[in-house]
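The values are calculated or read from the model by the stated rules, or taken from the named source; none is laboratory data. Because the structure is predicted, anything quoted here is derived from the model rather than measured. Quick reminder, even Gly has a Cβ in these numbers, built from the backbone with ideal geometry, and neighbours come from all protein chains shown. Quick note on the areas: whole protein, heavy atoms, side chains included, nothing else; ligands and nucleic acids left out. Shrake-Rupley method; radii C 1.70, N 1.55, O 1.52, S 1.80 Å.
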Amino acid sequence: MPAVPVYRKIINDIRERIESGGLKAGDKLPSISQLRDEFKVSYGSVRGAMLVLKAEKLVEGRQGDGVFVRDPKQKD
């Protein structure tokens, strides 16, 4: 079985936190620095994971404020 890319591990972990209720709509995600430390990965891996989560509309970035869990009922 091929190894799971690091950014996918981050995506899967954050998705699981959202689905389990550990992170709720409106909750702020840990910073990129915190996620880098938690997963022992590069900036690029965390950034890649955030881009995928944003594209999947699970999270949204707010300039200067951070990344937050989106409300699933929220319209674009």
Test each condition in (1) more than 13 Å from the chain's Cα centre (by Cα); (2) within 18 Å of Pro5 (Cα to Cα) for Gly64 and report the one that comes out false.
(2)
Quick one: how many residues across the range 62-76 are touching a strand residue (DSSP E or B) at 6+ places or on another chain (Cβ under 9 Å), charged (D, E, K, R) and surrounded by 11 or more Cβ atoms within 10 Å (Cβ to Cβ)?
1
I'd like the residue in the range 27-38 that is open to solvent by 40 Å² or more (accessible area, probe 1.4 Å) and in contact (Cβ under 8 Å) with a residue 12 or more places away in the chain and, out of all such residues, is nearest to Lys73 (Cα to Cα).
Asp27
Residues Val59, Val6, Val46, Val41: which one is open to solvent by 60 Å² or more (accessible area, probe 1.4 Å) and in contact with a Phe, Trp or Tyr (Cβ under 9 Å, 6 or more places away or on another chain)?
Val6
